[in-house]
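Asker: Structure below; questions to follow.
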Amino acid sequence: VVESWSFLDTVESNFRPLVVIELAKGTKEETIEWFTKRIVDKKANGGAQLLIKPLVTENGVENIYLVGASHLRLLLGAETVGLVKECSDNSMRTFTYSSRKTFKDFADDNHNFLTMAECQYIIKHELENLRAKNEKIIPGYPQAKLYPGKSIVRRLLTSGILVQIFPLHDREELKKLRHSWYGRVKVGYQPLDDIRCYFGETIALYFGFLEYFTFALIPMAVIGIPYYVFAWEDYDKYVMFATFNLLWSTVILEVWKRICSILTYRWGTLLMKRQFEEPRPGFHGVLGVNPVTGREEPVYSSLKRQLRIYLVSLPFVCLCLYFSLYVMMIYFDLEQWALDYHKENESNFSSLMLYVPSIIYAVVIEIMNRIYRYAAEFLTSWENHRLESSYQNHLILKVLVFNFLNCFASLFYIAFVLFDMKLLRQSLATLLITSQILNQFAESLLPYWLQKRYNRRMKKLMCSQKTDRDLSIAEQVNMEKEMGTYLGTFDDYLELFLQFGYVSLFSCVYPLAAVFAVLNNITEIYSDALKMCRVYKRPFAEPTANIGVWQLAFETMSVISVVTNCILIGMSPQVDALFPDSKMDLVLTVALVEHLLLAIKFIMAFVIPDKPRDIQMKLAKLEFESLEALKQQVRVFQMQL
């Protein structure tokens, strides 16, 4: 069933704005007319079959348009994108319009069957899949070339004609979410299902992981406090603490996989089929034919890409790593200067000066990480990866390698070159606490303060003007279009990854690391919730079944932590005294213990299933039913022949 409507449908009374399109000022009329016609045109004619309405303000019609869709169109779109919904028998199945009556809470007049986030995701999918047919250029802009199959929205974005597309906030729902999420300080779980309904699965899964990781750190924090208080220099007692830490890091990561599968099954994304990836917006090349799809699209030589990676990107990353090590050596010169100053003066001021080099170095690390991030994004974009997944993997690898060396190289140097456990403890504490304070300020407090100032100015401006009945939506759009754009969960996961490294890599030296991590994460939950609801534009929902490559990153960090903690314990005077005659026996013993712990970690990872038994059974049942349905279709087809 396909619904059709005319261009006049854009002014129907029940129009519900879901997505905002902002065009550049001065965009030519013929371009606007062509683009809006393609949006409302029938699917059979290559359109998106959506509804569009210009935003009217007191100054007249601006180049801002509101996009919506009829209820039927959204249901058909839900089938197209493969949304999974709960059926009346409590099972989860891919939604199809023909079987809509079998789904829980479905009714023809129930417009809340699809969440607002799902509706906006469907509209985004339809807009991104608006493709050129026979057009060679964008009307009015001869320099903006098109070819059959090229995404129109992507070309408009890269040509600077389209400024931005973003989903609107639902102010009433947002108010309820804010109240239940961070409106009051409480001890309890976050409303993850509500977060998922409003922001989508990717963001809800991040907050689920943040909450889970915070709770998982509590045992380490509780055990670490007495070790810190009563066993400061007694490394014998730290053996048990470090062993518990290493096994703990394995268990929490494996248990998270199970929790993740429970959440994503309930949300339907565990069952969503991975769609064939289209070329990413920034991908460019000579027009050719994709051998898989047969479509015309840009083609770029993989050899050229590999040359760019290995002859430019790799040397640049190595140069940055060298520079990071050079800055680290300057830090150690400052540490030596502070130590000499303290020995000469022996005052309270000189005692405080001992912490100054570490604080300065922590600030420099944060600045270097952020500058490098921009360079890594530029380089990865320049490498011209065809797929978004390939782009993200190369970007994450670059950023993780640099951040790991930049944040932890000084600690490794202190531990395994200087053999100074007191300085290691001091540096670890200073780096951890300083980085947490800087991140809280830069990511949440500063953007919130700037956004609040802008909102006050906008409200004064709106109140000073005579308004019509559309003021509320006009005010909302004008305020939201100036808000910052949320760039995804990359930085949030990176912060947790580095925190996990501080807690696990040198746990036997500074047991209080977990305590500070818990305190930081509690405030992080509230500050991240605040920035999602008040600082940034609403992001489009993105379905996901897991935390992706970050799971592998955390698991790799836990393996490295086994090696570092075993070496640190082997270096302690108490353990060293057990092997007075042969240092080789000490090395072999430490290596044996390290291999034994790694073996236990991998056995535990193998023994603990990634999915609970009931989820496995439900997935197996659905697979069986799908095969049976396919067999039935084949039989019907054969009988017809």
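Asker: May I ask you to order 357-368, 501-512, 169-180 by the average number of other C-beta atoms within 10 Å around their residues, highest value first?
Answerer: Top of the packing list down: 501-512, 357-368, 169-180.
Asker: Between Glu628 and Ala409, what is the label-point separation in nm under the 7 Å Cα-to-beta-carbon projection?
Answerer: Here the modelled spin labels are 6.1 nm apart.
Asker: Here's another thing I want to ask about it. Taking a cut-off of 49 Å, what percent of all Cα-Cα pairs in the chain are separated by more than that?
Answerer: Considering the chain, 22 percent of its Cα-Cα pairs are separated by more than 49 Å.
Asker: Which log10 I(q)/I(0) values does region 138-224 give at q = 0.12, 0.25 Å⁻¹ under the Debye formula, counting every alpha carbon as one identical point scatterer?
Answerer: Results for region 138-224 at q = 0.12, 0.25 Å⁻¹ read -0.63, -1.20.
Asker: Mind listing the long-range amide H neighbours of Ile137? Cut-off is under 5 Å, sequence gap 5 or more, other chains count too, H placed in the peptide plane at 1.01 Å from N.
Answerer: Leu146
Asker: Using a probe radius of 1.4 Å on heavy atoms only, what accessible surface per residue do you get for the chain? Whole Å² is fine.
Answerer: Ligands and nucleic acids excluded, the result is 50 Å² per residue.
Asker: Per the helix-only calculation at 222 nm, which mean residue ellipticity applies to the chain, given -39500 (n - 2.57) for every DSSP H run of n ≥ 4 and division by its residues, nearest 500 deg cm²/dmol?
Answerer: -20000 deg cm²/dmol
Asker: Hey, another quick one. Fully extended, how many nm does the chain gain between Trp449 and Gln476 (0.36 nm per residue separation, minus their Cα-Cα distance)?
Answerer: Computed gain between Trp449 and Gln476 is 7.8 nm.
Asker: Apply 1/(1 + (r/R0)^6) to the Cβ-Cβ distance of Met639 and Arg16, taking R0 = 41 Å, and write down the FRET efficiency to the nearest 0.05.
Answerer: That gives a FRET efficiency of 0.35.
Asker: Ordered by residue, what ³J(HN,Hα) values in Hz, to whole numbers, does region 142-148 give under the Karplus form 6.51 cos²θ - 1.76 cosθ + 1.60, where θ = phi - 60° and Gly and Pro are x?
Answerer: Per residue, the Karplus-derived 3J(HN,Hα) values read x, 6, 8, 6, 10, 8, x Hz.
Asker: Add +1 for every Lys or Arg and -1 for every Asp or Glu among the other residues with Cβ under 13 Å from the Cβ of Tyr341, and state the total.
Answerer: With Lys, Arg at +1 and Asp, Glu at -1, the neighbours total -4.
Asker: Another question, then. Counting only Cα atoms, I'd like the Rg/Rh figure for region 461-605, Kirkwood definition for Rh.
Answerer: Radius of gyration relative to Kirkwood radius: 1.26.
Asker: R0 = 56 Å: FRET efficiency of Thr158 with Tyr355, Cβ-based, nearest 0.05?
Answerer: Step by step, r from the Cβ atoms, then E = 0.70.
Asker: How fast does region 105-162 diffuse by Stokes-Einstein, in µm²/s, taking the Kirkwood radius from C-alpha pairs at 37 °C and 0.692 mPa s? If you can, show how the numbers build up before the last one.
Answerer: On the way: Rh = 13.3 Å.
My calculation gives 246 µm²/s for D.
Asker: Using the structure shown, select from Lys25/Lys537; Lys37/Lys145; Lys37/Lys537; Lys124/Lys631; Lys37/Lys150 the pairs with a Cα to Cα distance greater than 29 angstrom.
Answerer: Pairs exceeding 29 Å: Lys124/Lys631.
Asker: For region 88-187, state the average projected area of the convex hull of the C-alpha atoms over all orientations, rounded to one decimal in nm².
Answerer: 11.3 nm²
Asker: Length gain on complete extension for the stretch Glu555 to Val607, per 0.36 nm per residue less the alpha carbon to alpha carbon distance?
Answerer: So the extension gain works out to 17.2 nm.
Asker: Compute the separation of the alpha-carbon centres of region 407-435 and region 494-536 and state it in Å as a whole number.
Answerer: 18 Å
Asker: Students often forget the sequence filter, so: which lysines lie under 29 Å Cα-Cα from Lys343 once same-chain residues fewer than 8 apart are removed?
Answerer: Leaving aside lysines fewer than 8 places away in the same chain, those within reach of Lys343 are Lys422.
Asker: In addition: Rounding to the nearest 10 and keeping the result within 0 to 90°, find how far the Cα-based axis of helix 446-463 lies from the longest principal axis of the chain.
Answerer: Tilt of helix 446-463: around 30 degrees.
Asker: Please express the shape of region 19-168 as an equivalent ellipsoid: the semi-axes are the square roots of 5 times the eigenvalues of the C-alpha gyration tensor, given largest first in whole angstrom.
Answerer: One finds semi-axes of 32, 17, 12 Å for region 19-168.
Asker: Taking a temperature of 25 °C and a viscosity of 0.890 mPa s, what whole-number D in µm²/s does Stokes-Einstein yield for region 494-544 with Rh from Kirkwood over alpha carbon pairs?
Answerer: Once the numbers are plugged in, D ends up at 190 µm²/s.
Asker: Another one. Counting Lys and Arg as +1 and Asp and Glu as -1, what is the net charge of the other residues whose Cβ lies under 14 Å from the Cβ of Val590?
Answerer: -2
Asker: Here's something else I'd like to know. Given the Cα-Cα distance of Ala591 and Ser301 and 0.36 nm per residue of separation, how much length would full extension add, in nm? Can you show the working numbers first?
Answerer: On the way: separation 290, 0.36 × 290 = 104.40 nm, distance 4.56 nm.
Gain on stretching Ala591 to Ser301: 99.8 nm.
The values are calculated or read from the model by the stated rules, or taken from the named source; none is laboratory data. Keep in mind that this is a model prediction, so the values were computed, not measured. Methodologically, a virtual Cβ is constructed for each residue, glycine included, from the backbone with ideal geometry; neighbour enumeration extends over all protein chains shown. Accessible surface areas use protein heavy atoms only, side chains included; no ligands, DNA or RNA. Shrake-Rupley method; radii C 1.70, N 1.55, O 1.52, S 1.80 Å.
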